[in-house]
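Trainee: There's a structure below that I have some questions on.
The values are calculated or read from the model by the stated rules, or taken from the named source; none is laboratory data. Computed from a predicted structure; not experimentally measured. Because the Cβ atoms are built from the backbone with ideal geometry, glycine has one as well, and the counts that use them run over all protein chains shown. Quick note on the areas: whole protein, heavy atoms, side chains included, nothing else; ligands and nucleic acids left out. Shrake-Rupley method; radii C 1.70, N 1.55, O 1.52, S 1.80 Å.
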Amino acid sequence: MKDQKSRKLSWKEYLVVASLLFGLFFGAGNLIFPLHLGQLAGSNWEIAAVGFLITGVLLPLLSVLAVAITRANGVYDIGKPLGATFAVVFMVLIHATIGPLFGTPRTATVSFTVGVAPFVPKNMQTIALLVFSALFFLAAFAFSYHENDILSNVGKVLNPLFLTLLFLVFVVAFANPLGNPQTAPITAAYKHSALVNGFLEGYNTMDALAGLAFGVTVVTAVRSMGQKRAKSVSKVVAKSGVLAVSAIGLIYLLLILMGAMSLGHFKVSDNGGVAFSQIVNQYAGVFGQALLAVLLTITCLTTAVGLVAAFAQDFHKHFPKISYHAWLALSCGASFLTANFGLDQIIAWSTPMLMFLYPLSMVLILLSVFSPLFNKDGVVYFFVILFTVVPALGDMVVAFPSVVSQSAFGLTVAHLRSSLPLASMGLSWLVPALVGAVIGLVVHYMRNKKSTPTFEEVEE
């Protein structure tokens, strides 16, 4: 039994695991979306920030806690109470969305578009993206080739370098503010619905999905530190998760505030990447743009390493005939191909999938966190997911580009969906999910009551 005992970790080691989690979560989207939110919300930045922090910080924390509480190794285990088939389908959808189809390619395209493209002539940008993305995913492959090295590569090397560079940006920006955030203009959408719009903007970080997918990577890393017992692994993951997302939340607040301040000098940008580029150029010119390129490439690379490793680890576990390295090569190769469709196409087609998967992930995360209260009964999961999946599909169809959303099918779905509460806010799934939870819990307690022997039965 000696080899089953887990040694006690030092605070330094907890910080290393927290640094790993931070690096896996924090990609380019985590830089550009809160910055853009600050510009959109203007002087309403505080209310919008609350909504953003719910989906951008609280949910990722809950996803880490869900992994810890249920002692799960990955996405599959989170969906398992609904059966093996659902768990596999859910795992594939999550990994495809945050992996080769959208999330992983975005790490390369954002770092190129915002950081590198300004240095490249327009007629050379297609070939430049091809070369950059090839080198980018070769580096991601190399950093994640040895599973036990991921903790060291991300937690001890790439992430501290990124934080140092980002700290320099904040020092300059807040020492010489571009404007007063309390008097910044507010866009129409954020005048009356800042909280909800901030909440929905947090979907774009993909962190709640990533938290479920990174579970296997983090658990593997923690076990490599001598934590053998499931309870010890869960404790380390939970403590480190709180540290990591607290740091992320602080950075989000500073970025949102920086975005609102930038309106004193710039108009609302097309996206946060353009805003970041404008701000950095305003303060430091070409040198600032070069610093931004390095900053974005490092933070994107840390996230890419986590995404391709989690993809390979989970798929190798469930489809073991194909090796970890083969799955890793497949993930990197497919991400490289998708990246070359360009950032605009990736964002346009990823939004509908997020509108579908985020509600499912949110309810599964909450069910996992509170599962001890109903003994992880699959019937509760069943009713909640059943009542969530239909409106979530409607939200997905409405969010598709016009080729789908404006078709006869898309318009019919939009009409049916409009009758649901909160549909106009993009939250048509919320009330049905609560109804499903009530029904599931009632069925659970009724079944338990029937199966519990009475006093007379015990006496007999």
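Trainee: Looking only at the stretch 92-131, which residues are among the aromatic types (F, W, Y) and surrounded by fewer than 23 Cβ atoms within 10 Å (Cβ to Cβ)?
Mentor: Correct list: F102, F119.
Trainee: Something else now. Keeping to the stretch 255-289, report how many residues are among the polar types (S, T, N, Q) and under 22 Å from T183 (Cα atoms).
Mentor: Of the residues in that region, 5 qualify.
Trainee: Does S269 count as out of contact with any Gly (no Cβ under 7 Å at 6 or more places or on another chain), at pLDDT below 90, hydroxyl-bearing (S, T, Y) and part of a helix (DSSP H, G or I)?
Mentor: On the way: out of contact with any Gly (no Cβ under 7 Å at 6 or more places or on another chain): yes; at pLDDT below 90: yes; hydroxyl-bearing (S, T, Y): yes; part of a helix (DSSP H, G or I): no.
Against the criterion (out of contact with any Gly (no Cβ under 7 Å at 6 or more places or on another chain), at pLDDT below 90, hydroxyl-bearing (S, T, Y) and part of a helix (DSSP H, G or I)), S269 does not qualify.
Trainee: Taking L295 as meeting all but one of (1) open to solvent by 10 Å² or more (accessible area, probe 1.4 Å); (2) over 30 Å from D395 (Cβ atoms); (3) among the aliphatic types (A, V, I, L, M), write down the number of the exception.
Mentor: (1)
Trainee: Let me ask another. Under 7 Å between Cβ atoms, which residue pairs at least 6 apart in sequence (or on different chains) link something in the stretch 72-96 that is in the same structural domain as D314 (by the TED database) and in a helix (DSSP H, G or I) with a partner that is among the basic types (K, R) and crowded, with 19+ Cβ neighbours inside 10 Å?
Mentor: Every condition considered, the pairs that remain are A87/K80.
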